[in-house]
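Trainee: For reference, the structure I am asking about is given below.
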Amino acid sequence: MADIGFIGLGNMGGPMARNLVAAGHRVKGFDLVPAALETAKAAGIETVGSVAEAAAGVSLVVSMLPAGAHVRKVYQGDDGVLASAQDDCLLIDCSTIDVASARAVEAAAEAAGFAMLDAPVSGGVAGAEAGTLTFMVGGSDAAFARGKPFFEVMGKNVVHAGAAGNGQAAKVCNNMILGISMIAVSEAFALAEKLGLDPQKLFDISSKASGSCWAMLNHNPVPGLVETSAANRDYQPGFAAAMMHKDLKLSQEAAAQAGAATPLGAEAAALYTLFVNAGNGGLDYSAIIKMIKGES
């Protein structure tokens, strides 16, 4: 049994913290949103009023935060984790953030004498609730060995991607593939419709041929083809377009910093920007799709 501080108890962090409690660990948590604290308290998590309180007197701190700026503040702020945690505390950040921020915070942690891992996840809210997340972990071998038992409580797949920041690198590359693939699958099935090819026939062929990919097999945009697809639930998001937009923007930031050419990633990011901006402007997704197809 470990004493754990958990910072960020939202849609992802809340279920992850609850799974740690269910496994017998003592968890105290902090979030800026009162409703998240109430939900956490009902699940057996001791709620506290600050980052410093969450980080004090525990052997492990886990965080799940929106962006790199939040991670930097939570860890490096005057009353942050690095200023408040005990000397032997292991730090794990599960946020999806830019690689540069992850490496900067991990360097600051190392300079302060802490072992730290960047460990973004794949699997969404359903995976967080079920404890079936995939963790992509960056950091030292020794830190990974310490963190692995906790990852195995919160997920079912844990991969050590290498040195500090490599967890974020793996996440951004993986989700760039997903964003591009979803567009390719959507375009192919839209073309099939225009050509008079039954979508079930295309699926039967492509799912067993060279066009097969995870996006088509799990999140096909045509209703009725794949049980797990949001297309069967009136396109209600499990992984919202805004989240993919964030990840694709991160991919382009990383590409620019690394001097890598990712033209398809850039096109995908631009398309998701269109979707998100139009949605923020009040258009529903059916109207956006008609606009893109030139039907309105």
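Trainee: Could you check the spin-label model distance between residue 190 and residue 88? Points 7 Å from the Cα along Cα→Cβ, value in nm.
Mentor: Computed distance between label sites residue 190 and residue 88 equals 5.8 nm.
Trainee: Quick check: residue separation of residue 108 and residue 264 times 0.36 nm, minus the Cα distance between them. What number comes out in nm?
Mentor: Extra length from residue 108 to residue 264 when fully extended: 52.7 nm.
Trainee: Hey, another quick one. D for the range 102-244, whole µm²/s, Stokes-Einstein with Kirkwood Rh over alpha-carbon pairs at 37 °C and 0.692 mPa s: what number?
Mentor: Using the Kirkwood radius from Cα pairs, D works out to 191 µm²/s.
Trainee: Compute the relative contact order of the range 1-138 as a whole-number percentage, counting only Cα pairs closer than 8 Å that sit 6 or more residues apart in sequence.
Mentor: Normalised by residue count, the contact order of the range 1-138 is 22 percent.
Trainee: Give the peptides 18-30, 265-277 in descending order of average Cβ contacts within 10 Å, highest first.
Mentor: Descending mean neighbour count gives 18-30, 265-277.
Trainee: Please give the charge dipole size of the chain, origin at the Cα centre, charges +1 on K and R Cβ atoms and -1 on D and E Cβ atoms. Round to the nearest 20 debye.
Mentor: That gives the chain a dipole magnitude of about 440 debye.
Trainee: Using 18 Å as the cut-off for backbone N distance, which residues of the range 89-121 belong to the label zone defined by a point 7 Å from the Cα of residue 32 along Cα→Cβ?
Mentor: Taking a point 7 Å out along Cα→Cβ of residue 32, the residues of the range 89-121 whose backbone N falls under 18 Å are 94-98.
Trainee: Among 132, 189, 100, whose Cα projects farthest towards the positive end of the dipole of the chain, with charges put on the beta-carbon of Lys, Arg (+1) and Asp, Glu (-1)?
Mentor: 189
Trainee: Sorted by packing (mean other beta-carbon atoms within 10 Å per residue), highest first, where do 62-73, 110-121 land?
Mentor: Answer by packing, highest mean first, reads 110-121, 62-73.
Trainee: With all protein chains present and a 1.4 Å probe, how do 173, 94 order by accessible area, largest first?
Mentor: I get 173, 94, largest accessible area first.
Trainee: Charges only on Cβ, +1 for Lys and Arg, -1 for Asp and Glu: so what's the dipole of the range 53-114 about the Cα centre, in debye to the nearest 20?
Mentor: Taking the Cα centre of the range 53-114 as origin, the dipole is about 200 debye.
Trainee: Can you give the relative contact order of the range 169-278 as a percent, counting alpha carbon pairs under 8 Å and 6+ residues apart?
Mentor: RCO, the range 169-278: 28 percent.
Trainee: Ranked highest first by average number of other Cβ atoms within 10 Å, how do 76-88, 206-218 line up?
Mentor: Descending mean neighbour count gives 76-88, 206-218.
Trainee: Roughly how many Å is it from the Cα centre of the range 76-96 to that of the range 178-208, as a whole number?
Mentor: Each part's Cα centre sits 46 Å from the other's.
Trainee: Assuming a strict under-16 Å limit between Cα atoms, what lysine pair count do you get for the chain once near-sequence pairs (fewer than 8 apart, same chain) are dropped?
Mentor: Lysine pairs satisfying the spacing and distance rule in the chain number 6.
Trainee: Under a crude label model (7 Å from the Cα following the beta-carbon direction), how far is residue 152 from residue 228 in nanometres?
Mentor: 2.4 nm
Trainee: Still on this structure: So, R0 is 41 Å and r is the distance between the beta-carbons of residue 2 and residue 274; what FRET efficiency does that work out to, to 0.05?
Mentor: Once the sixth-power term is evaluated, E becomes 0.35.
Trainee: Kirkwood Rh, Cα Rg: Rg to Rh for the range 1-42?
Mentor: Using Cα coordinates only, the ratio equals 0.93.
Trainee: Would you mind computing, in nm to one decimal, how far apart the modelled labels at residue 214 and residue 257 are, each placed 7 Å from Cα along Cα→Cβ?
Mentor: The answer from the label model is 2.2 nm.
Trainee: Between (i) 55, 43, 32; (ii) 50, 45, 40; (iii) 65, 44, 39, which matches Cα extents along the principal axes in Å calculated for the structure shown?
Mentor: (iii)
The values are calculated or read from the model by the stated rules, or taken from the named source; none is laboratory data. A quick note: this is a predicted structure, and the numbers were derived from the prediction, not measured. Ideal geometry is used to build each Cβ from the backbone, glycine not excepted, and the neighbour counts take in all protein chains shown. Side chains are part of the model used for accessible areas, which takes the heavy atoms of the whole protein and leaves out ligands, DNA and RNA. Shrake-Rupley method; radii C 1.70, N 1.55, O 1.52, S 1.80 Å.
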